[in-house]
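Undergrad: Have a look at this one.
The values are calculated or read from the model by the stated rules, or taken from the named source; none is laboratory data. A quick note: this is a predicted structure, and the numbers were derived from the prediction, not measured. FYI the Cβ positions are ideal-geometry reconstructions off the backbone, even for glycines, and counts take in every protein chain you see. To get the accessible areas, we keep the full protein, side chains included, count just its heavy atoms, and leave off ligands, DNA and RNA. Shrake-Rupley method; radii C 1.70, N 1.55, O 1.52, S 1.80 Å.
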Amino acid sequence: MLNNKSVLITGGTGSFGKEFVKTILADYPDVKRIVIYSRGELKQYNMKQMFPENKYPQLRYFIGDVRDAERLKRACEGIDVIIHAAAIKQVDTAEYNPDECIKTNVNGAQNVINAALDCNVKHVVALSTDKACAPINLYGATKLTSDKLFIAANNISGSKDIKFSVVRYGNVMGSRGSVIPFFQEKRDSGAKELPITDMRMTRFNISLKEGVALVMFAIKNHLGGEIFIPKIPSYHICDVATAIAPELRQVEVGIRPGEKLHEEMITSTDSLNTIDLGRYYAILPSITFNGKRSKEDYIRHHNAKPVPQGFHYSSDNNAEWETVESLREKISKL
């Protein structure tokens, strides 16, 4: 699939980018080129130590921002596949710096689309978040807008052989900014208690490897226009705290601004355009301006079936749950 192909990853020095590169190098040894496009030279330097040039000559590092359309277009020359992972992701950062978040998450998304179209890229997969589903904070709203831009890009591709799709998933276990390293730091610092925003809180849980597998699935199978969503377990925030530091008292401190009690990935309204692929769900575009594909085309291609009308997929109504024991085992392997 990726052998003899050139791949560009925006925000490629993040947790996902490093795991994705590791997977490509292991599974596709004849990959032609992997371009890491990001704006942080220190993170690129650190990544070069993980993947030294003399061992991995396929890797290239471009300093650049997705806000910079010209630089992005230059980086996309000769690229076959784009994975768009760059984003401002912290909820509180987005609320305090809304214009900066919009420049990166919305304008940057459109720049990726334009560069892909101009450079004859074949596949574009954008990473999204459960916070884009029925958003209540700016971060979620910008990612929903980004999702809409990538899906609509299929309608402006004309005769070009290019497909755009999106993958949407929940909290990545142990990634930078997740609750797990926060709880571990509290435990290791000798704290007597763990702050819990709300004892009722639930979240979806996915590993980095599962996130990478979802993106690989999208590249291989998408028709263009799908939002792919994995079937993954939920957890109670209190169970994560217990798994990490059972001896510490849990103290409720109140839900933060812009935070949901439970996360959603498919609303009941989305169910009208959602199909069940077995391992994943896919939300199909509600509008196809050029009549490229019907819902039946997607169902046949993915050997899928429509979900029941009114279906709703959220972290509190999930059929699969992590336990304290399963969480402890997974955390020990991070």
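Undergrad: Using alpha-carbon positions, what is the distance between the centroids of segment 1-68 and segment 90-130, in Å?
TA: Here the answer is 19 Å between Cα centres.
Undergrad: Among the aspartates and glutamates, select those whose C-alpha is under 14 Å from the C-alpha of K305, and discard any that sit fewer than 8 residues away in the same chain.
TA: Result set, ordered by chain and number: D276, E296, D297.
Undergrad: Let me ask something additional. In the chain, what is the volume of the convex hull around the alpha carbon atoms, normalised per residue and reported in Å³? Don't skip to the answer; put the middle values down first.
TA: On the way: hull volume 46.0 nm³, N = 334.
Expressed per residue, the convex hull around the Cα atoms of the chain is 138 Å³.
Undergrad: Have a look at S207, S315, A245 and report the one farthest towards the positive end of the charge dipole of segment 191-334, computed about the Cα centre with Cβ charges (Lys/Arg +1, Asp/Glu -1).
TA: Sorting the options by dipole projection puts first S207.
Undergrad: Probe radius 1.4 Å, ligands and nucleic acids ignored: give me the carbon and sulfur share of the accessible area of segment 56-119 as a rounded percent.
TA: Carbon and sulfur: 47 percent of the exposed surface of segment 56-119.
Undergrad: While we're here: Could you report the chain's accessible area per residue, 1.4 Å probe, as an integer in Å²? Present the calculation step by step, with values, prior to reporting the outcome.
TA: Numbers: 15560 Å² over 334 residues.
With the other protein chains kept in place, the chain gives 47 Å² per residue.
Undergrad: Treating only the Cβ of Lys, Arg, Asp and Glu as charged (+1, +1, -1, -1), what charge dipole size does segment 117-241 show about its Cα centre? Round to the nearest 20 debye.
TA: Around 120 debye, computed over segment 117-241.
Undergrad: Please list, ordered by chain and number, the residues whose modelled amide H lies under 5 Å from the amide H of I88; skip anything fewer than 5 residues away on the same chain.
TA: Placed amide hydrogens put N105 under 5 Å from I88.
Undergrad: Here's a follow-up. Using a Förster distance of 41 Å, how high is the FRET efficiency between E247 and D68, based on the Cβ-Cβ distance and rounded to 0.05?
TA: 0.25
Undergrad: Treating only the Cβ atoms of Lys and Arg (+1) and Asp and Glu (-1) as charged, compute the dipole magnitude of segment 178-275 about its Cα centre; round to the nearest 20 debye.
TA: 140 debye
Undergrad: Could you give the size of the charge dipole of the chain about its Cα centre, using +1 on the Cβ of each K and R and -1 on the Cβ of each D and E, expressed in debye and rounded to the nearest 20?
TA: Numbers: 44 positive and 39 negative charges, 189 e Å.
It works out to roughly 900 debye.
Undergrad: Nearest 500 deg cm²/dmol is fine: what mean residue ellipticity at 222 nm does the chain get from its DSSP H runs of n ≥ 4 alone, each adding -39,500 (n - 2.57), divided by its residue count?
TA: -10000 deg cm²/dmol
Undergrad: Taking Cα pairs under 8 Å and at least six residues apart, what relative contact order does the chain come out at, in percent?
TA: This gives 15 percent for the chain.
Undergrad: Would you mind checking K103/K295; K22/K160; K186/K260 for any pair whose Cα atoms are more than 26 angstrom apart?
TA: On the way: K103/K295 33 Å; K22/K160 30 Å; K186/K260 23 Å.
The answer is K103/K295; K22/K160.
Undergrad: Also, I was wondering about something else. Report the Cys residues of the chain lacking a disulfide-compatible partner, meaning no second Cys Cβ under 4.7 Å from their Cβ.
TA: C101, C133, C238
Undergrad: Okay, which of segment 134-157 sit inside 17 Å, backbone N to the point 7 Å along the Cα-Cβ direction of D198?
TA: Output list for this probe position: 134-138, 140.
Undergrad: On to the next question. Which residues in segment 92-112 place their backbone N less than 17 Å from a point set 7 Å from the Cα of K148 along the Cα-to-Cβ direction?
TA: So the set is 102-111.
Undergrad: For segment 124-141, take each phi angle, set θ = phi - 60°, evaluate the Karplus expression 6.51 cos²θ - 1.76 cosθ + 1.60, and give the result in whole Hz per residue in order, putting x for glycine and proline.
TA: So the J values, rounded to whole Hz, are 10, 10, 9, 7, 10, 8, 4, 6, 7, 8, 6, x, 10, 10, 5, 3, x, 5.
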